[in-house]
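Working notes, beginning with the structure itself.
The values are calculated or read from the model by the stated rules, or taken from the named source; none is laboratory data. Everything numeric in this text was worked out from a predicted model, so none of it was measured. Cβ sites come from the backbone with ideal geometry, for glycine too, and all protein chains shown count toward neighbours.
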Amino acid sequence: MKPLEDYLIVDFSQFLSGPSASLRLADLGARVIKIEKPGTGDICRTLYTSDLIMNGESSIFHTINRNKESFAIDFKQADELKKLKKLLAKADVVMHNFRPGVMERVGLSYDDVKKINPNVLYAEISGYGNHPDLKDLPGQDLLLQSMTALTWLSGNQDDGPVPMGLSIVDMLAGAHLAQGILAALYRKVTHNIGALVQVSMLESAFDFQFETITTYFNDGGELPIRTKSNNAHAYLGAPYGIYKTHNGFLALAMGSIPVLAELLQCDALLQFPENKFGLRDEIKNILATHLLTQNTEFWLNILEPADIWCAKVLNYQELFAEEGFKVLEFTQKVEMLDGYSYQTTRCPIKIDGEYFTSSKGSPKLGQDNERIINEFIDC
């Protein structure tokens with residue numbers, strides 16, 4: 001039995017942040033009914049990050065909305081809103097990621113839903129919370145990365161701001177919402193009371209930087225300084241970074257420079273008996289030049305037996321060919337109602353030795369309307 005079986009989640013969210021939270025809860029056994037606008041549905045259905053079209057819709061939608069049901073309903077219409085409220089009255093969790101004020105205007109605020117479902121868990125993600133100067137701004141990942149200083153931690157010193165290559169703030173906010181929902185569910189079970197769970201992308205981006213922000217406030221307000229080359233962490237000394245080798249790339253984490261000098265037979269490093277922070281650029285330049293002289297495997301054969309923290313830098317093709325990836329069985333094949341199947345990732349959480357998989361793919365828009373109406377509305 002999956003831990004969240006018998007819990008019903010009604011999810012109004014779109015794009016990435018909210019749906020990533022409900023995806024994780026669905027993986028853990030919850031029944032997730034996705035509320036969508038008739039005709040167009042979740043905007044993410046047509047949000048293409050590449051030219052890849054999967055069964056008429058975007059790869060993002062299929063990735064983040066598997067294992068869910070779709071209920072298409074125009075709840076701005078009074079009669080349809082009445083029907084929807086019958087469903088909400090039976091939900092354990094109601095969640096959305098609209099801007100502040102949207103659900104209030106349609107009569108589905110926390111207070112509105114609480115009137116028909118007193119112990120409901122009402123969970124929401126916003127871009128900026130109720131911050132008076134920011135709440136109406138678009139809660140888009142790149143904008144949040146930029147506004148929260150996150151872009152000054154990646155890349156090298158002269159690169160300017162560098163965004164991460166993933167919608168990281170969306171995913172963090174979704175993870176935080178899922179955590180808040182699980183905590184509130186536990187309180188509901190133990191004390192029989194509902195909750196309003198709120199997460200903002202802004203605060204999730206700040207929380208992501210707890211280490212660097214704490215350092216800034218306790219280091220005299222000094223800005224993070226990225227190394228001129230091979231930067232991987234603005235607050236860590238050499239050798240921390242990624243280096244080009246004769247045939248690829250090698251990642252080096254924390255390590256003693258004198259030890260590395262001996263192992264790598266790099267005489268130029270012997271002048272650095274201590275790994276001082278201010279010497280990062282000089283040390284990295286020497287390492288970068290020296291590591292170019294041999295293949296990645298040559299260096300790994302020296303460093304790994306000596307328990308030096310290092311790794312070969314892999315691309316997707318190399319990663320998926322690795323036996324270490326294959327034994328994880330981290331991908332699964334899922335199938336849509338119309339028979340279309342695709343390969344995607346599975347839930348990374350293991351409980352009692354079991355990973356949670358599901359063969360159920362993403363839903364076609366409104367495909368579950370009849371069953372949901374019969375089960376929750378016309379009953």
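Being buried (at least 18 other Cβ atoms within 10 Å of the Cβ), assigned to a loop (DSSP other than H, G, I, E, B), at pLDDT 95 or above and among the hydroxyl-bearing types (Ser, Thr, Tyr) narrows it down to one of TYR122, TYR128, so name that one. It would help to see each step written out before you state the result.
Numbers: TYR122 fails: assigned to a loop (DSSP other than H, G, I, E, B).
Exactly one of TYR122, TYR128 is buried (at least 18 other Cβ atoms within 10 Å of the Cβ), assigned to a loop (DSSP other than H, G, I, E, B), at pLDDT 95 or above and among the hydroxyl-bearing types (Ser, Thr, Tyr), namely TYR128.
Within segment 335-364, residues that are touching a residue at least 40 places away in the same chain (Cβ under 8 Å) reach partners that are outside any loop (DSSP other than H, G, I, E, B) and among the acidic types (Asp, Glu) with beta carbons closer than 6 Å, at six or more positions or on different chains, in the pairs CYS347/ASP27; PHE356/ASP27; GLY361/GLU335; PRO363/GLU69.
Listed here are the residues, each with its yes/no results for (1) in a helix (DSSP H, G or I); (2) in contact with a Ser or Thr (Cβ under 7 Å, 6 or more places away or on another chain); (3) of a type in the set (A, V, I, L, M, F, W, C).
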{"position": "GLN14", "(1), (2), (3)": "no, no, no"}
{"position": "GLY18", "(1), (2), (3)": "yes, no, no"}
{"position": "ALA26", "(1), (2), (3)": "yes, no, yes"}
{"position": "VAL32", "(1), (2), (3)": "no, yes, yes"}
{"position": "ILE35", "(1), (2), (3)": "no, no, yes"}
{"position": "GLY39", "(1), (2), (3)": "no, no, no"}
{"position": "ASN67", "(1), (2), (3)": "no, yes, no"}
{"position": "PHE71", "(1), (2), (3)": "no, no, yes"}
{"position": "GLU80", "(1), (2), (3)": "yes, no, no"}
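State whether the residues of segment 211-222 include one that is touching a residue at least 40 places away in the same chain (Cβ under 8 Å) and part of a strand (DSSP E or B). There is no residue in segment 211-222 that is touching a residue at least 40 places away in the same chain (Cβ under 8 Å) and part of a strand (DSSP E or B). When TYR243, TYR342, TYR316 are checked against the criterion of being surrounded by 14 or more Cβ atoms within 10 Å (Cβ to Cβ), within 24 Å of the chain's Cα centre (by Cα) and not hydrophobic (A, V, I, L, M, F, W, C), a single residue qualifies: TYR342.
A quick yes/no check of all residues on (1) in contact with a Pro (Cβ under 9 Å, 6 or more places away or on another chain); (2) surrounded by 20 or more Cβ atoms within 10 Å (Cβ to Cβ):
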{"position": "VAL10", "(1), (2)": "no, yes"}
{"position": "GLY18", "(1), (2)": "no, yes"}
{"position": "LEU23", "(1), (2)": "no, yes"}
{"position": "LYS37", "(1), (2)": "no, no"}
{"position": "ILE43", "(1), (2)": "no, no"}
{"position": "ILE53", "(1), (2)": "no, no"}
{"position": "SER59", "(1), (2)": "no, no"}
{"position": "LYS68", "(1), (2)": "yes, yes"}
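Taking the conditions (1) assigned to a helix (DSSP H, G or I); (2) over 17 Å from ASN97 (Cβ atoms) in turn, ILE193 satisfies each one other than (1). Any idea how many residues of segment 284-313 are in contact with a Gly (Cβ under 9 Å, 6 or more places away or on another chain) and more than 15 Å from VAL259 (Cβ to Cβ)? Number of matching residues: 7. Criterion applied to LEU16, LEU8, LEU47, LEU23 was being among the hydrophobic types (A, V, I, L, M, F, W, C) and farther than 20 Å from LEU172 by Cα, and the one residue passing it is LEU8.
Considering only residues that are in contact with a Gly (Cβ under 8 Å, 6 or more places away or on another chain) and hydrophobic (A, V, I, L, M, F, W, C), which ones fall in segment 196-205? Please lay out each step first, then the result.
The initial filter retains those residues of segment 196-205 that are in contact with a Gly (Cβ under 8 Å, 6 or more places away or on another chain), namely 197-203.
Across segment 196-205, the qualifying residues are VAL197, VAL199, MET201, LEU202.
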